[in-house]
Every structure is written in structure tokens, then in C-alpha cells.
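Down below is the structure, laid out as C-alpha cells.
The values are calculated or read from the model by the stated rules, or taken from the named source; none is laboratory data. Source: prediction; values computed, not measured. Methodologically, a virtual Cβ is constructed for each residue, glycine included, from the backbone with ideal geometry; neighbour enumeration extends over all protein chains shown.
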């Protein structure tokens, strides 16, 4: 088995090691070994910290596997060994996970060396011959190429110029508006009293209870809607939003603390779509009662400004990068359309997906810029 093929097979082992191992040491920190004592610093020289990593020459052997070689000589020979230099090992690391932590490098080196020994024995047994081996290596090749294409798309999408950022900012100024808001939230219904667990009801009683509950909910919704209209009128008259919020919860029969009416600076993307109209208000204006699925909302806009370009720069970079990745990925995927024979595969339905054993890289997720 080739070394590149072995690296492909070790990708899964590396992922397992990351999930199963404790928190890795900081990048660049060498694990302590019982057989090697740290050299004492010369008088007057700065002390060497535990994180200090010695710079070894590229041709320094870092993995030596005695007894493993491509053409094993007779048993008396003592020079049968495989040696990987620092340069060899770091090329493998760069292909798998650049900037791998020191602790993970040691784990990976051990797994890699063990896998080399196993793969050599597999070759001696002739397990690298046959259609199963060829198909599995072909699938590994497809997976690695897909991952490489994903990486190339992401690298290309990350090439964002200052002009790209400035153009996006000026063409989407509304997205960067931010307003200092206050809000009163009025629950949609009053809190339901606890049910009588000891009551025994027959079918007739159950139907009457259901009808009574439906009436209670309807009356409760009307009460809370009327309360929202009253609170909105009082807000327009200049009453304190914190006081109004507390009263809304009292009428709803909610004993827990009311939410903070002072929201601070908010952007349109931080609010549910139905409530984004709050940013269309002028300073000092009170919104109408906004009906949402969870209740009623009343906003007051205290002040409004626009985020500066420098403040928005990194966010815009993330947005443009995500858009470009999505567009490029969709264009590639739409360039060829697979058609599956339903007589053979069956219709697509819930629970059907990629079979285990061939995990293909998922499409990149767009960056989210708004809290939920």
C-alpha cells in the first residue's frame, strides 16, 4: 500500500483520536518523556519554558521502525528499518491537519507507524490485490479529491478585496443599521391554572372540559390582546417600558421575572422578521402592536445610527465568503445531475442517505451573523 493511501485511511483514525483524547496541549508544546531531562540553562541565559520546541534539522529522523523495510533481508541483517525524517513527517501532517497540536502529533505518529507495519504485512499476504481493494482505494481517492476541491473553493472564496467589502457595505446599508430599542412583550394567553389531578371524569365530562378549555383560551387571548392595546396607548403617553413589561406579566399570571424591557442596540437581523419593522421607526416613535406567534410586541426606538465600515468589515468578509462558497458549490453540483433507477434503489424517503463507510464532505455552511 502506498504511503499516500495509508494517510487517507488514517484520516478516520485521527478524527477518532481527537474525539477520544483529553484536551490537547497548546500548539508547539512537546510532551515530557521520562528518559529525557530538560537541559539546564547556562548562567545568565533565559530559562527555557516547557512550551519551547527545539528546532530540529529537516533531515533529523523522528520515526524509526526497526524490522520494517521494503525488501526485507535475511534475519541476520541488522539494517532493516524504515526511517521518517522531520521533513517526511511534517509533509504528512500538513496533508492531514496543519498546526496539529503536539500531543496529537505523537498519537498520530504512533498510529501511522503501527499502520505501516500492518500494511506491510497485508502486502506480504497479498491483500493489496483484488477488486475489493481496488474499489476501496478508488473510493478513498474520490473522497480525498472531493475534500481537496472543497478546500480549494474555500481558499478561492476567501480572496476578498477591500473594494468587494466596500461595495457590499454601501449596497446593503440597511443591514448595518442599529437602533437603541425598548420593548414590551405581552404573552398571547394567560397562564393556565394547574389541572385537578384527583378529578375523575367520564367521556361526557371530558368533552365538556375540552369545550371549556377552548373557551378559556379564546377569552384569554382576547384579554391579552386588549391588554397589549392598553399598554401601547400608555407607552405612547410616555410611561416607563420596564413598568409596562412587569404589568404585562402580572396580567398574564406569570410569576417568574419579566424580561428586561431595555434591549440596547439591535440590528434588523437580530429580530424576528415580523418585528424587524421596529427599525423603521424614527427616534422617539412607538410601534403599533406587533402580533407574532408567541404574543404581542411594542417597541420604542430611542436612537438609530449605522455601523461603521471598519466595524462591519470582518462580518462582510464572512458573508461574502459564505455566499461565494455556496454559489461555487451549487454551480459544480448543478453541472451534472445524477438520476437513480427507482426500480433498483426504491423511492427516496426519510431515513435514506449516504451509507456508512463512505463519508463524503458536506457542503460548507454559510456563516450566521445574527443570534437566534
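Brief remarks on what is shown
- Residue in region 201-217 that is surrounded by fewer than 17 Cβ atoms within 10 Å (Cβ to Cβ), in a helix (DSSP H, G or I) and touching a residue at least 40 places away in the same chain (Cβ under 8 Å) present: no
- Here residue 255 passes the criteria (1) surrounded by 12 or more Cβ atoms within 10 Å (Cβ to Cβ); (2) closer than 30 Å to residue 240 by Cα except the one numbered (1).
- The residues listed here are 227, 239; of these, the one that is surrounded by fewer than 17 Cβ atoms within 10 Å (Cβ to Cβ) and on the phi < 0 side of the Ramachandran plot is 239.
- Qualifying residue in region 40-49 (condition: surrounded by 10 or more Cβ atoms within 10 Å (Cβ to Cβ), within 38 Å of the chain's Cα centre (by Cα), at pLDDT below 85 and part of a loop (DSSP other than H, G, I, E, B)): yes
- Failed criterion for residue 325 (all others in (1) buried (at least 16 other Cβ atoms within 10 Å of the Cβ); (2) within 31 Å of the chain's Cα centre (by Cα); (3) assigned by TED's automatic domain parsing to the domain that holds residue 223 hold): (3)
- Spans of strands (runs of 3 or more DSSP E) in region 237-355 with at least 3 residues within 19 Å of residue 186 (Cα to Cα), in contact with a helix residue (DSSP H, G or I) (Cβ under 6 Å, 6 or more places away or on another chain) and modelled with pLDDT of 95 or more: 295-306
- Those helices (runs of 4 or more DSSP H) lying entirely in region 63-179 with at least 2 residues at positive phi and in contact (Cβ under 8 Å) with a residue 60 or more places away in the chain: none
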